[in-house]
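Scroll down for the structure; my scribbles are underneath it.
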Amino acid sequence: MSMRIFCIANQKGGVGKTTTTVNLAAGLAQVGQRVLVVDLDPQGNATMGSGVDKRSLPLSVYDVLLESATVAEACQRGVAGYDVLGANRELAGAEVELVELERRERRLKHALAAAQADYDFVLVDCPPSLSLLTLNGLCAAHGVVVPMQCEYFALEGLSDLVNTIKQVHANLNPELKLIGLLRVMFDPRITLQQQVAEQLKSHFGDKVFNTVIPRNVRLAEAPSYGQPGVTFDPSSKGAQAFVEFAREMVARLA
């Protein structure tokens, strides 16, 4: 299998994009895949949540986008067995600097092409807004994985995202497609969540992953300890669900 690049994206904030990115990465590493996480959010949450200190990064994704460093030079090994191309506040400035540059939305694609032989999976954690950074992620990716909560407004945000994917597919990246929807923070006791989950299945069919990530305290606590839930508490329901999801992801692409 050649290297697969996936954006973890949802224009709605607070849906668990970063939690999904770091735990899927940890799950994939656990089932024997070589994984790189690219943090495209200036807040650097995926960086910190992987056990890499964003405050002391010698090189970051910022340097890679400006082509002053390669992925191999700038990445760090996280605590859960995958590599991290980290981000910090500096990245906020990259938006402005990139505007002037040629191939501005293809910088990440170009940089990752050079790391083709080093990884099986690249997971890109995108900021919630549709910015030049997110566009770099979408132009580099083969597909988009959308973590979503099963609640009333979720479907609305989803149609925006699907439209964005269609536009990028038509204008910038013909390879880009929706890989699948991951139901996260799921509580089966809530009738509405079950109804939305059913709606998703009837709308999107097999684009809805079988694995469901339950609402789980241990997953929520893990980032404050600087690691993914998968390694923080491997026996928790949330951790087990993400390892299951990693297996489903590998099986889908086999």
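The values are calculated or read from the model by the stated rules, or taken from the named source; none is laboratory data. Small disclaimer: the values here were computed from a predicted structure and weren't measured. So basically every Cβ, Gly included, is an ideal-geometry build from the backbone, and we count neighbours across all protein chains shown.
Remarks
- Only one of ALA87, ALA92 that is within 14 Å of LEU40 (Cβ to Cβ), part of a loop (DSSP other than H, G, I, E, B) and without any contact (Cβ under 8 Å) to a residue 60 or more places away in the chain: ALA87
- Tally, over region 1-17, of residues that are of a type outside the set (D, E, K, R) and modelled with pLDDT of 95 or more: 5
- Candidate set from region 165-194 (those that are without any contact (Cβ under 8 Å) to a residue 24 or more places away in the chain and outside any loop (DSSP other than H, G, I, E, B)); member that is farthest from ALA241 (Cα to Cα): ASN171
- Criterion applied to ALA246, ALA241 was being free of Cβ contacts under 8 Å to residues at least 60 places away in the same chain, crowded, with 20+ Cβ neighbours inside 10 Å and either outside any loop (DSSP other than H, G, I, E, B) or touching a Phe, Trp or Tyr at 6+ places or on another chain (Cβ under 9 Å) (or both), and the one residue passing it is ALA241.
- Of all residues in region 74-88, those satisfying the criterion of being surrounded by fewer than 22 Cβ atoms within 10 Å (Cβ to Cβ) and out of contact with any helix residue (DSSP H, G or I) (no Cβ under 8 Å at 6 or more places or on another chain) are GLN76, ARG77.
- Put simply, of ASN173, ASN163 the only residue that is among the polar types (S, T, N, Q) and buried (at least 18 other Cβ atoms within 10 Å of the Cβ) is ASN173.
- Failed item in (1) crowded, with 21+ Cβ neighbours inside 10 Å; (2) without any contact (Cβ under 8 Å) to a residue 60 or more places away in the chain, with PRO228 passing the rest: (2)
- In region 97-130, the qualifying residues are those that are surrounded by fewer than 18 Cβ atoms within 10 Å (Cβ to Cβ) and within 16 Å of the chain's Cα centre (by Cα), and the one that is farthest from PHE186 (Cα to Cα) is ASP120.
- For region 41-73, filtered to residues that are β-branched (Val, Ile, Thr) and assigned to a helix (DSSP H, G or I), the residue that is surrounded by the most Cβ atoms within 10 Å (Cβ to Cβ) is VAL61.
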